[in-house]
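The values are calculated or read from the model by the stated rules, or taken from the named source; none is laboratory data. Predicted model, so just to flag it, every value in this text is computed and none were measured. With ideal geometry, Cβ positions are generated from the backbone for all residues, glycine too; neighbour counts draw on all protein chains shown.
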Amino acid sequence: MSTQAEERKPKELVLSNTRAQTYLKCPRAYKFKYIDKVPTPTENMDLQYGIFIHEQLEKGTTPDEFDAAEFKEIYQIYSWKEYFEDLRKEIDKRINEIKSEYSECEVFLEKELCYGFLQGKIDVAIVGMKSGRKSADIIDYKVVGKAKVVEDLVTDSQPAIYTHLSSMEYGISTSDIVFHYASILKGYNKEVPLLQSGLPSKSKDNACGFRPYIRLLKRCIEKNHMDSQSVLMSYSGFLSELEKQKCVKWVDYRMTKHSVDNYIKELKMIYDFIKANNVYIRRVDSFSCKRCEYSVYCN
C-alpha cells in the first residue's frame, strides 16, 4: 500500500490537464510533444503570448515596450503599462474580495502540486478558515480571445484536477473549494467606441484609443460639426462603454465531490491506457490537423 509521501512524488508518467487534452485530441501529437520532445516547427503566437502574460504576472513586472513589440500589432495593445496596470488591478481586486471572506488565510502564487499520477500548477491559491471551515479558493489565469462561461467548464477537466490536487495538498473537502477562472482577454482594448455621426460606434476599421477619441470630439466642437448636446451624449456613451471593458472576465465554479471523482476516474483510465499500450495512433481530423503544430511530421 502506497504511503501519502509516495503519492506526492512525481512519477515517470504524470498527467496534467494539458497533457490529457493533448492525448485525447491526438495520441501522436502527445508522443511528439511529451515523449519525443520534438521542437515545435511553427511558432504559435497565441501560445507564446499566453506564456508571456503568465511570466509577467508571476514576476510582478511590466514588460518593456521593446520586449512586447512582437505582440503589439497582433493583439492591438496600445500601451503595455496601462494594460498591465488594469490587469493587476482587476486581479488584486478579486484576490482581496476573496480574502475578505476568510478570518485568516495564506496566499500561494504559482503553486506546483503533484499527487499520484496527476500534476498541475495553480496560479493563485488562497487557503484558510472561512465560516469556521478550512477552505480554499483557486484562481487560474487563461489568456483567451473570448471570455469563458460556466458552460465551458462543464466538460473541462482542469477544475476537477485542481480541486482534487488542492483537496489532497491542503486536506480540504471538495465542497469547500471554489475554482475561479480568470479569462485574460487578448487585446481587450482593441475595439473602443469611436465617433461616427456624433454617436459612439465600434468600427474595427478605424480603431483608436481613448485619447484620439477625445481629440476627435474636441475637433468636432471647434469646427461646429456637433452641438454641445450631441457631444455630451457621445462622451457619456463612450465612458459607459469604456466602463464595460475589462481586461479580465471572471467565472466562479464549485464542483461536487461526485463530479471530481468521475473526472479523476476518467483521467486514471487515460493514464493506465497510455502506460499499458504505448500506442500513439494519429487521430485524423482535417480541421485539427491543419491547426496542429506537428502536422509537418505526419504523412
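Among the listed residues Val251, Val260, Val279, identify the single one that is more than 16 Å from Arg19 (Cα to Cα), in the same structural domain as Asn17 (by TED's automatic domain parsing) and not in a helix (DSSP H, G or I).
Step by step, each of Val251, Val260, Val279 is checked, and only Val251 is more than 16 Å from Arg19 (Cα to Cα), in the same structural domain as Asn17 (by TED's automatic domain parsing) and not in a helix (DSSP H, G or I).
Working carefully through the options Lys93, Lys25, Lys81, find the one that is at pLDDT 90 or above and assigned by TED's automatic domain parsing to the domain that holds Lys268.
Lys93
If we keep just the residues of segment 96-110 that are touching a residue at least 24 places away in the same chain (Cβ under 8 Å) and part of a loop (DSSP other than H, G, I, E, B), which is surrounded by the fewest Cβ atoms within 10 Å (Cβ to Cβ)?
Narrowing segment 96-110 to residues touching a residue at least 24 places away in the same chain (Cβ under 8 Å): 98-99, 101-105, 109-110.
From what's left, part of a loop (DSSP other than H, G, I, E, B): 101-103.
Working: Glu101: 14, Tyr102: 17, Ser103: 9.
Taking the candidates together, the pick is Ser103.
Looking at segment 12-34, which of its residues are among the aliphatic types (A, V, I, L, M), in contact with a strand residue (DSSP E or B) (Cβ under 7 Å, 6 or more places away or on another chain) and crowded, with 18+ Cβ neighbours inside 10 Å? Don't jump to the end; show me each part of the working.
Just the residues of segment 12-34 that are among the aliphatic types (A, V, I, L, M), to begin with: 13-15, 20, 24, 29.
Filter once more, so that each one left must be in contact with a strand residue (DSSP E or B) (Cβ under 7 Å, 6 or more places away or on another chain): 14-15.
Listed by number, the list holds a single entry, Leu15.
Which is within 15 Å of Gln56 (Cβ to Cβ), touching a residue at least 40 places away in the same chain (Cβ under 8 Å) and part of a strand (DSSP E or B), of Asp123, Asp86?
Asp123 is the lone residue from the list that is within 15 Å of Gln56 (Cβ to Cβ), touching a residue at least 40 places away in the same chain (Cβ under 8 Å) and part of a strand (DSSP E or B).
Which one of Asp176, Asp205 is of a type in the set (D, E, K, R) and modelled with pLDDT under 85?
Asp205
If Lys146 satisfies all but one of (1) more than 19 Å from Trp250 (Cα to Cα); (2) in a loop (DSSP other than H, G, I, E, B); (3) not small (Gly, Ala, Ser), what's the number of the condition it fails?
For Lys146, the exception is condition (1).
Output the residue which, of all residues in segment 136-154 that are among the basic types (Lys, Arg) and crowded, with 16+ Cβ neighbours inside 10 Å, is farthest from His164 (Cα to Cα).
Checked segment 136-154; the qualifying residue farthest from His164 (Cα to Cα) is Lys148.
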